[in-house]
Amino acid sequence: MCDTKQILKRAIEIIDSNQSREEKLQQICELLAREVDVFDWTGFYLASETEKNMLELGPFVGEPTNHLKIPYGKGICGQAAETLDTFVVQDVSKADNYLACSIDVQSEIVVPIMKGSEFKGELDIDSHTKDAISDDLRVLCENICSELSRIF
């Protein structure tokens, strides 16, 4: 099992570094992909600055995706953007609103990034393992997103 406290500590160090926001997001993707065995695709969707109610793909680690833009409300990512809730899907085959990025994906977590009451983006993680998102991993992702609000 991974050390979620150490991962969070490292994520905060990245967030507090003197790099661009884009570089920080990329490094957090790399950290999570490296340190958490069950995270097979790790990325960010950001609220579009030019299109209302649209997510745009940001930094990520993993296989390329066709989902470069996702409207709010569509799929798990769009649903998280619309409701501002964390979504954990332990078996994507049972989710009727799942947007398939890969046939290998079995579970997913999407965590909104909020700046006060304003939605800024979200962390999206796919796993090739069913039931991969433990409570500890959910808390880790939510804590990282809470810390990320400082750079938006």
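Within the range 42-58, identify whether any single residue is of a type in the set (Phe, Trp, Tyr) and open to solvent by 50 Å² or more (accessible area, probe 1.4 Å), and answer yes or no.
First, the residues of the range 42-58 that are of a type in the set (Phe, Trp, Tyr): 44-45.
Still in the list and also open to solvent by 50 Å² or more (accessible area, probe 1.4 Å): none.
No.
What is the residue count in the range 11-40 for residues that are closer than 18 Å to SER149 by Cβ and not in a helix (DSSP H, G or I)?
Qualifying residue count for the region: 4.
Here is a list of conditions, (1) surrounded by fewer than 16 Cβ atoms within 10 Å (Cβ to Cβ); (2) under 25 Å from SER134 (Cβ atoms); (3) touching a residue at least 40 places away in the same chain (Cβ under 8 Å), and VAL36 meets all of them except one; can you say which number that is?
(1)
With the structure loaded, tell me whether ASP131 is touching a residue at least 40 places away in the same chain (Cβ under 8 Å) and at positive phi or whether it fails that test. Don't jump to the end; show me each part of the working.
Values: touching a residue at least 40 places away in the same chain (Cβ under 8 Å): yes; at positive phi: yes.
Taking the combined requirement at face value, the residue satisfies it.
Please note which strands (runs of 3 or more DSSP E) are completely contained in the range 65-152 and include at least 1 residues that are open to solvent by 60 Å² or more (accessible area, probe 1.4 Å). First the steps, then the outcome.
Details: elements: 69-71, 87-89, 107-115, 118-127.
Because the criterion is at least 1 residues that are open to solvent by 60 Å² or more (accessible area, probe 1.4 Å), the strands (runs of 3 or more DSSP E) in the range 65-152 that meet it are 69-71, 107-115, 118-127.
The values are calculated or read from the model by the stated rules, or taken from the named source; none is laboratory data. What you are looking at is a predicted structure, and each value in this text was computed from that prediction instead of being measured. In this analysis, Cβ positions are derived from the backbone assuming ideal geometry, glycine residues included, and neighbour counts consider all displayed protein chains. Calculation scope for accessible area: heavy atoms of the full protein, side chains included, ligands and nucleic acids excluded. Shrake-Rupley method; radii C 1.70, N 1.55, O 1.52, S 1.80 Å.
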